[in-house]
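Report on the structure given below.
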Amino acid sequence: MNFERRSHYSGALGREMYFNKYGHAGRPVVVFPSSGGSQHEFGDFGMIEAAADFINRGKITVYTVSSFDGESWLADWKNAHDKAEAHNAYDAYIVQEMVPLIRHESQWGGSLMSMGASMGAFHAVNFALRHPDVFGACIALSGVYDTRFFTGDFGDDLAVYQNSPIDYLWNMSDPWFLDQYRQNDFIVCVGQGAWESPHIYDTSRLQEVFVAKNIPGWFDFWGSDVAHDWPWWRKQWPYFLSVLEQQGKLA
């Protein structure tokens, strides 16, 4: 398997940002780590090995990016607005710097896929909803989708609201966004076992708004033995890739 440990300078964040690349061809997948995780997390916890068949056959190329959560949503010394503005800088880094790099070197003209587990799932969904022209598919495992989980009540703060999928999606009326959503692929999965309670709740709430807005999405609730943990994510991730491949949604 082709593996590259890389970095580049981010003007949006004012620092060197690190990422790993796994694979040589196929639909690019941007993987967001769990809470404060590094670009190595996905490999360290066996998620690359779990998808090795898809990577080796040139169906996907996986880019694991660094987290910025420690300076945004997990920065407990900041107020809600400042957390959101820090995330918006990270958003600019991903969309304006990382995605063009991926497109240039992969020569991929279609849409990318976002993916993540736990807090990475929040990012995967939020990026896919905020930028549906960039991310045409999303696999989100065991996430929360309400920024109050990180900020508490944010009142009428627009910067936070615009990063809280369960909030902004209810009020979405722009036909450009809605039409894009209805053409894209959203896979949102959660177990019903240990440590999954808040994630079950938010997955159900996100499903409710998808149904209300007539947005197709696959909301998959796994069994009561399925915990919020890597062994299960290692099963779910290749399972959903297999379905997307059967549907012709990979390379």
Mind checking which pairs have a first residue in region 156-178 that is free of Cβ contacts under 8 Å to residues at least 40 places away in the same chain and a second that is of a type in the set (A, V, I, L, M, F, W, C), Cβ under 8 Å, 6 or more apart or different chains?
-> Y161/F154; S164/F154; Y168/L129; L178/M172; L178/I215
What is the number of the single condition among (1) in contact with a strand residue (DSSP E or B) (Cβ under 6 Å, 6 or more places away or on another chain); (2) β-branched (V, I, T); (3) farther than 30 Å from G26 by Cα that T151 does not meet?
-> (1)
Residue tally, condition under 18 Å from V95 (Cβ atoms) and either free of Cβ contacts under 8 Å to residues at least 40 places away in the same chain or in a loop (DSSP other than H, G, I, E, B) (or both), over region 39-70 | 4
Yes or no: E49 of a type in the set (D, E, K, R), surrounded by 16 or more Cβ atoms within 10 Å (Cβ to Cβ) and modelled with pLDDT of 95 or more?
-> no
Determine, yes or no, whether I60 is in contact with a Lys or Arg (Cβ under 9 Å, 6 or more places away or on another chain) and either of a type in the set (D, E) or closer than 22 Å to I187 by Cα (or both).
-> yes
Near pairs, Cβ below 6 angstrom, 6+ apart or cross-chain, from region 95-109 (among the aromatic types (F, W, Y)) to any residue that is crowded, with 18+ Cβ neighbours inside 10 Å = W108/P28
Residue count, region 138-151, condition farther than 20 Å from D82 by Cα and surrounded by fewer than 22 Cβ atoms within 10 Å (Cβ to Cβ), comes to 0
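Yes/no matrix, rows are residues, columns are (1) in contact (Cβ under 8 Å) with a residue 12 or more places away in the chain; (2) under 30 Å from G155 (Cβ atoms); (3) of a type in the set (S, T, Y); (4) buried (at least 18 other Cβ atoms within 10 Å of the Cβ):
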residue	(1), (2), (3), (4)
N2	yes, no, no, no
S7	yes, no, yes, no
N20	yes, no, no, yes
V31	yes, no, no, yes
G36	yes, yes, no, no
A80	yes, yes, no, yes
Output the residues belonging to region 241-251 that are surrounded by fewer than 19 Cβ atoms within 10 Å (Cβ to Cβ), outside any loop (DSSP other than H, G, I, E, B) and either hydrophobic (A, V, I, L, M, F, W, C) or at pLDDT below 95 (or both).
-> V243
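May I ask you to verify whether G217 is surrounded by fewer than 17 Cβ atoms within 10 Å (Cβ to Cβ) and over 23 Å from G37 (Cβ atoms)?
Details: surrounded by fewer than 17 Cβ atoms within 10 Å (Cβ to Cβ): no; over 23 Å from G37 (Cβ atoms): yes.
Criteria not met by G217.
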What number of residues within region 142-178 satisfy the criterion of being within 18 Å of the chain's Cα centre (by Cα), acidic (D, E) and more than 18 Å from F32 (Cα to Cα)?
-> 1
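Would region 221-240 turn up any residue that is touching a helix residue (DSSP H, G or I) at 6+ places or on another chain (Cβ under 8 Å) and of a type in the set (D, E)? Before you say what the answer is, go through the steps one by one.
Within region 221-240, the subset touching a helix residue (DSSP H, G or I) at 6+ places or on another chain (Cβ under 8 Å) is 221-222, 226, 228, 230, 233-235, 237-238.
Okay, now just the ones that are also of a type in the set (D, E), so none.
Checking region 221-240: not a single residue is touching a helix residue (DSSP H, G or I) at 6+ places or on another chain (Cβ under 8 Å) and of a type in the set (D, E).
The values are calculated or read from the model by the stated rules, or taken from the named source; none is laboratory data. All figures in this text were calculated on a predicted structure; none of them were measured in a lab. When we count neighbours, we look across all protein chains shown, and the Cβ atoms used for this are built from the backbone with ideal geometry, even at glycine.
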